[in-house]
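Remarks on the structure that follows.
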Amino acid sequence: MATQHLDIAQVALQSGVPASTLRFYEEKGLIASTGRRGLRRLFDAGVLERLALIAVGRAAGFSLDEIARMFAPEGGPRIDRRMLAAKAEELDRTIRKLSAMRDGLRHAAACPAPSHMECPTFRRIVRAAASGAIGAREKKAPKLPN
């Protein structure tokens, strides 16, 4: 059976990924076109699954370079479980920080203190933010070897 090819417009429609992003992903080596039909790039139908995997990686917060390393040279997924575990730990830390911030803001919104600066909970949030304990971007963790 012949492999089905989709042009870039079909891939964009079926995947929900704009054509400009598809071209960028191709430039970065995340996907590869198989040829052209006129001026339009053609892709193997398997690109849709690959785009879905890329979307999962992006939603989890992986960089495009990290996602690129999740594919073997022949194109199939090669996902490093240690990298997934490290990302899960990073997400846990982010969730804890955001949960603490949410709880503090809810308290401050309902606090009976005349001024937010008179609220001990709000003052703790301000001190934590000033010290970088919350709200600051974390430095990127060193890359794990495959």
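The values are calculated or read from the model by the stated rules, or taken from the named source; none is laboratory data. Being a predicted model, the structure only gives us computed values, none of them experimental. Cβ coordinates were reconstructed from backbone atoms using ideal geometry, including for glycine residues, and neighbour counts include every protein chain displayed. Accessible surface areas use protein heavy atoms only, side chains included; no ligands, DNA or RNA. Shrake-Rupley method; radii C 1.70, N 1.55, O 1.52, S 1.80 Å.
Miscellaneous remarks
- Anisotropy class of the stretch 82-131 from Cα gyration tensor, a/c 1.5 cut: prolate
- Heavy-atom surface analysis with a 1.4 Å probe gives the chain a carbon and sulfur content of 58 percent of its accessible area.
- FRET efficiency for the pair ARG93 and LYS28, taken as 1/(1 + (r/R0)^6) with r the Cβ-Cβ distance and R0 = 25 Å, rounds to 0.35.
- Note on the stretch 76-95 and the stretch 1-61: Cα centroid distance 25 Å, given to the nearest whole angstrom.
- Pairs of Cα atoms nearer than 8 Å and 6+ residues apart set the relative contact order; for the stretch 5-70 it is 33 percent.
- You can think of it this way: the chain between GLN14 and SER63 has 15.3 nm of extra reach, that is 0.36 nm per residue less the Cα-Cα gap.
- Which labelled figure in (1) 14.6, 45; (2) 14.8, 48; (3) 22.3, 75 is Rg and Dmax of the Cα atoms in Å, once derived from the coordinates: (3)
- Sequence-separation-based contact order of the chain, relative, with Cα cut under 8 Å and 6+ spacing, percent: 14 percent
- Given R0 = 35 Å, the distance between the Cβ atoms of ARG127 and ASP80 translates into a calculated FRET efficiency of 0.35.
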